[in-house]
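The values are calculated or read from the model by the stated rules, or taken from the named source; none is laboratory data. Quick caveat, the model's predicted, so the values are computed rather than measured. Cβ coordinates were reconstructed from backbone atoms using ideal geometry, including for glycine residues, and neighbour counts include every protein chain displayed. Accessible surface is based on the protein model in full, side chains and every heavy atom, while ligands, DNA and RNA are left aside. Shrake-Rupley method; radii C 1.70, N 1.55, O 1.52, S 1.80 Å.
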Amino acid sequence: MTEITFTFNGAGVAASGGQSLAAALIAAGRREFRVTAGGKRRGVFCGIGVCQDCLVTVDGTPNRRACMTGAVDGMAVETQSAFPALRSDAEVPDTPRARVLTPDVLVIGGGAGGLSATIAARRAGAEVVTLDERTVPGGQYYKQSADGGLLDAQQAEGATLVEDARSSGAEIINSVEIWGAFDGPLILAESENAALIVRPRTVIVATGAYDRPIIVPGWTLPGVMTTGAAQTLWRSYRTLPGRRIVVCGSGPLNLQVALELAVGGAEIALVAEAAPSAFRHPLRGARCSIHGPTLAWKGLAMLCGLRWRRVPVRNGLRLAAVEQYEGGLSATFRRTDGGTCTVRADAVCMNAGFEPQNEILRLLGARMTYDPAVGHLRCERSQTLETSVSGIFAVGDCVGLGGAPAACAEGRIAGLSAAALSGHGDGRGLASDRRALRRHRRFQNALWQLHDVSPTPLDSLPEDTVLCRCEEVTVGETLAGYAVNPGHLGTLKRATRIGMGPCQGRYCGPAAARLIAEKTGEALTDRSFFAPRVPVKPVTINAVFSAEEALRGDE
């Protein structure tokens with residue numbers, strides 16, 4: 001890879017061409033990227049552009065997400081203050097001309113489900129455009145390396161899927177931020193400062209999910225990140241999040257990432273699983289083996305790999321707090337017997353399940369139901385995976401956690417069905433994919449019974465625990481705001497500003513919705529959560545003006 005150099009607060013930082021700024025800075029030992037209004041330091045947390053906590057100023061332009069911005073030779077990067085200064089001498093760029101696309105099938109998302117849908121729809125003869133937020137397709141599961149190298153069989157499988165999608169004849173556009181979705185359907189997006197206006201005949205939404213965090217005191221400290229962020233740093237950029245690492249929460253991703261980092265040279269100080277050992281529930285483990293023997297064997301191999309490397313894997317431990325000390329982080333865990341233990345590390349990685357990225361589906365009016373078993377909304381779909389809105393299909397983890405193999409099967413089903421609805425093919429030949437999907441779903445149901453992703457009740461947390469990362473609203477302020485003006489989530493938002501930051505409540509919103517449900521005794525529904533609002537992701541005002549100008553020309 002090409003070696004490059006950029007500066008961070010005036011000091012030179014070496015990087016490899018293709019690395020993200022976040023990966024290059026962490027490799028150089030820099031973990032603090034921005035300063036909040038409250039004077040707190042923040043760094044990488046989600047690693048996929050959701051949380052907005054890694055904002056930096058690049059060449060005088062503020063609000064650049066370090067995890068989504070590639071390092072370029074000669075860049076001048078600076079820590080971003082809470083209120084970055086506006087440059088009076090900055091030139092106002094010309095409004096770019098919007099590009100209008102009218103495909104038969106629009107696929108949103110370039111992960112396992114989106115790529116499978118792209119290939120299936122294109123092979124049926126439909127004109128397909130695929131929009132992906134990442135610079136390289138592959139999504140969260142396949143996570144392709146920035147240098148094109150292959151780490152393991154999982155990345156190799158993803159590389160084959162990416163190549164099949166590219167060679168199918170579909171147009172795949174990367175580095176796209178979709179910021180608006182309207183009836184029609186009409187999709188508004190931005191790609192490299194240019195506006196995209198898409199008027200497709202059908203849409204397949206495959207936007208995936210993001211890690212559910214563990215909200216505890218200290219979860220906003222630099223060095224605390226999601227397990228998915230740590231995996232992105234390693235699999236995409238070969239950057240370890242630290243030399244000594246703690247992985248905690250619940251779910252198979254924690255085991256996989258812990259093993260990958262250990263193989264990569266990190267010292268895994270602890271893998272803390274909240275659920276009791278699977279050996280205490282042999283029938284549940286047996287169900288996993290029956291419904292998915294290959295995946296069950298893979299899980300067992302991961303455990304053996306960790307044991308062989310003498311990585312301590314402990315069940316029944318829940319993260320209670322993270323503190324900062326000179327030289328690193330200190331993570332405190334609570335045992336089921338009420339005792340505690342403390343472990344020191346450079347990085348604390350957390351995953352307690354996932355939250356679907358369903359904002360586009362909700363903007364388009366797709367009907368949702370709340371699933372208490374996993375603590376998130378699920379999108380209602382027909383047998384062809386069409387949502388309650390005609391012509392809008394949804395696949396993969398954006399509708400509720402199902403795993404990559406299920407997402408691939410769903411992508412093929414939705415791709416053929418969307419193509420048929422737009423006049424290409426008859427949508428037949430889906431029997432094998434439907435059988436595979438049923439098998440994958442049975443495995444996932446059995447798998448999650450071995451883990452515990454139940455969220456911590458807010459009233460059990462210390463009142464000074466930060467709940468809203470963006471607005472720095474604490475648990476105590478949230479509870480006080482509800483007491484003064486009880487009602488629904490909207491009244492809580494107006495009373496406290498919770499959910500009004502740039503991440504738009506993606507982390508605090510589900511927790512606040514559960515708080516209201518606990519206080520009112522009402523069941524959670526789609527309307528219990530913050531309503532998605534446009535723009536759903538950050539966008540330049542130039543792209544908005546360009547889209548508006550183009551849309552006026554259509555009138």
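Numbers at a glance
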quantity: Net charge, residue 348 excluded, C-beta distance under 11 Å - Lys, Arg +1, Asp, Glu -1; calculated: 0
quantity: Eligible aspartates and glutamates near residue 143 by straight Cα distance, threshold 18 Å, same-chain separation 8 or greater; calculated: 132, 133, 152, 157, 163, 164, 211, 260, 397
quantity: Restricting the range 356-440 to GluC sites (Glu not before Pro) in coil, as DSSP defines it, with at most 15 other Cβ within 10 Å; calculated: 380
quantity: Relative contact order for the chain, counting Cα pairs under 8 Å that sit 6 or more residues apart, in percent; calculated: 16 percent
quantity: Nonlocal amide H pairs with residue 394, under 5 Å, H built at 1.01 Å; calculated: 205, 387
quantity: Estimated inter-spin distance, residue 337 and residue 445, nm [label 7 Å along Cα→Cβ]; calculated: 3.7 nm
quantity: Whole-percent carbon and sulfur share, accessible surface of the chain, 1.4 Å; calculated: 51 percent
quantity: Solvent exposure ordering (accessible area, 1.4 Å, most first) of 350, 68, 500; calculated: 500, 68, 350
quantity: Integer Hz, Karplus 6.51/-1.76/1.60 couplings in order for the range 527-532, x for Gly and Pro; calculated: 6, 6, 9, 4, 6, x
quantity: ³J(HN,Hα), Karplus 6.51/-1.76/1.60, whole Hz, each residue of the range 382-389, x for Gly, Pro; calculated: 7, 5, 8, 6, 7, 7, 5, 9
quantity: The chain: calculated mean residue ellipticity at 222 nm from DSSP helix runs of at least 4, using -39500 (n - 2.57); calculated: -9500 deg cm²/dmol
quantity: The range 158-218-the range 26-89 distance, computed between alpha-carbon centres (Å); calculated: 23 Å
quantity: Accessible-area order (highest first, 1.4 angstrom probe) of the listed residues 143, 493, 519, 298; calculated: 519, 298, 493, 143
quantity: Ordering of 466-477, 109-120 by burial proxy (mean other Cβ atoms within 10 Å per residue, highest first); calculated: 109-120, 466-477
quantity: Label of the coordinate-derived value, Rg/Rh (Cα atoms, Kirkwood Rh), listed as (i) 0.97; (ii) 0.94; (iii) 1.17; calculated: (ii)
quantity: Amide H within-cut-off set for residue 467, under 5 Å, with H built and near neighbours excluded; calculated: 473, 474, 475
quantity: Lys, Arg +1 and Asp, Glu -1 on Cβ, resulting dipole of the chain about Cα centre, debye, nearest 20; calculated: 1840 debye
quantity: Relative packing of 527-536, 212-221, which averages over residues the other C-beta atoms within 10 Å, highest first; calculated: 212-221, 527-536
quantity: Heavy-atom accessible area order for 376, 424, largest first, 1.4 Å probe; calculated: 424, 376
quantity: Trypsin sites (Lys or Arg not before Pro) restricted to DSSP loop in the range 369-453 with at most 13 other C-beta within 10 Å; calculated: 428
quantity: Percentage relative contact order, the range 438-555, counting C-alpha pairs under 8 Å, at least six apart; calculated: 17 percent
quantity: Accessible solvent surface per residue of the range 391-491, calculated while the other protein chains remain in place, 1.4 angstrom probe, Å²; calculated: 40 Å²
quantity: Where GluC sites (Glu not before Pro) fall in DSSP loop in the range 155-243, at most 16 other Cβ within 10 Å; calculated: 192
quantity: Counting DSSP beta bridges with both ends in the chain, the antiparallel % (nearest 5); calculated: 55 percent
